[in-house]
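Have a look at the structure below, then the notes.
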Amino acid sequence: MRCVAFMRNVNQGQRGHPSTSDIVAGFADAGCSDIQTFQSNGTILFDSDEPASVVEQAADAVAARSGHEREILWIPLSELAAVVDEHGATPEPRRFEFTLHSGAIIDPHDARVVSRATEHRCSIVAAGKGWALVRNHIEGEGHATPVLESLTGRRATSRGLPTVIRLVSRFGR
């Protein structure tokens, strides 16, 4: 299965962050030697029949190689492509963030969810197992990660919708 992984809080090439070579080698250590990185923000495409195991092993290997622990969350590329198919044509993609998290499915209509998102000047417009699509009320602001971490009590990581659209466009379905 073709998957997309998001490493949390990564800016490859910057001091204090895992390097691209650490990430590539970490995934190789986890059994995925033919990965592709996308941009320099810790977005990785990989193939695996056991993606949860791969990202767990890769996170440990990247930490051992680089000295920098980072969570890695993943989604099947086909599921990400379905989100792009449904929401990618929005006239304001820069207001949207696609967020991976390790919590339960978020109900965008739940009063607690709506209240928490509103406090952060955003709204959750779609959600599935381990992901949410968030619309920020103000372009250029990014509130998805803190909102999802607050709602789930677990780490989350986000990518802007334009980035996700480019990724799906480049790597297919």
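For every residue, the table says whether it meets (1) closer than 16 Å to Cys3 by Cα; (2) in contact (Cβ under 8 Å) with a residue 24 or more places away in the chain; (3) not in a loop (DSSP other than H, G, I, E, B).
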{"residue": "Pro91", "(1), (2), (3)": "no, no, no"}
{"residue": "Leu133", "(1), (2), (3)": "no, yes, yes"}
{"residue": "Glu139", "(1), (2), (3)": "no, yes, no"}
{"residue": "Val168", "(1), (2), (3)": "yes, yes, yes"}
Filter pass, Leu100 being among the hydrophobic types (A, V, I, L, M, F, W, C), under 22 Å from Thr145 (Cα atoms) and touching a His at 6+ places or on another chain (Cβ under 9 Å): no
Single match in Asp85, Asp22 (criterion: closer than 21 Å to Val164 by Cβ and either polar (S, T, N, Q) or assigned to a helix (DSSP H, G or I) (or both)): Asp85
Residues within the range 141-166 that are of a type in the set (Lys, Arg) and either surrounded by 19 or more Cβ atoms within 10 Å (Cβ to Cβ) or in a strand (DSSP E or B) (or both), tallied: 1
Among residues of the range 98-109, those that are open to solvent by 20 Å² or more (accessible area, probe 1.4 Å) and either of a type in the set (A, V, I, L, M, F, W, C) or at pLDDT 95 or above (or both), counted: 5
Residues satisfying the stated conditions in the range 20-42, i.e. surrounded by fewer than 16 Cβ atoms within 10 Å (Cβ to Cβ) and within 18 Å of the chain's Cα centre (by Cα): Thr20, Gln36, Gln39, Ser40
Long-range neighbours under 6 Å by Cβ, at least six apart or interchain, first residue farther than 13 Å from Ala63 by Cβ within the range 4-32, second modelled with pLDDT under 75 and part of a loop (DSSP other than H, G, I, E, B): Thr20/Gln12
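Would a scan of the range 76-89 turn up a residue that is open to solvent by 30 Å² or more (accessible area, probe 1.4 Å) and modelled with pLDDT under 95?
no
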Residues of the range 38-63 that turn out to be among the charged types (D, E, K, R) and closer than 15 Å to Pro18 by Cβ, as a count: 1
Odd one out for Asn9 among (1) under 19 Å from Ser158 (Cβ atoms); (2) open to solvent by less than 30 Å² (accessible area, probe 1.4 Å): (2)
Odd one out for Gly16, checked against (1) open to solvent by 70 Å² or more (accessible area, probe 1.4 Å); (2) assigned to a loop (DSSP other than H, G, I, E, B); (3) more than 21 Å from Arg154 (Cβ to Cβ): (1)
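Can you tell me which residue among Val84, Val54 is touching a residue at least 12 places away in the same chain (Cβ under 8 Å), of a type in the set (A, V, I, L, M) and over 15 Å from Val125 (Cα atoms)?
Val54
Just one of Arg121, Arg95, Arg112 is open to solvent by 40 Å² or more (accessible area, probe 1.4 Å), within 18 Å of the chain's Cα centre (by Cα) and more than 18 Å from Val10 (Cα to Cα); which is it?
Arg95
The values are calculated or read from the model by the stated rules, or taken from the named source; none is laboratory data. Computed from a predicted model, the values in this text were never measured in an experiment. So basically every Cβ, Gly included, is an ideal-geometry build from the backbone, and we count neighbours across all protein chains shown. Accessible surface is based on the protein model in full, side chains and every heavy atom, while ligands, DNA and RNA are left aside. Shrake-Rupley method; radii C 1.70, N 1.55, O 1.52, S 1.80 Å.
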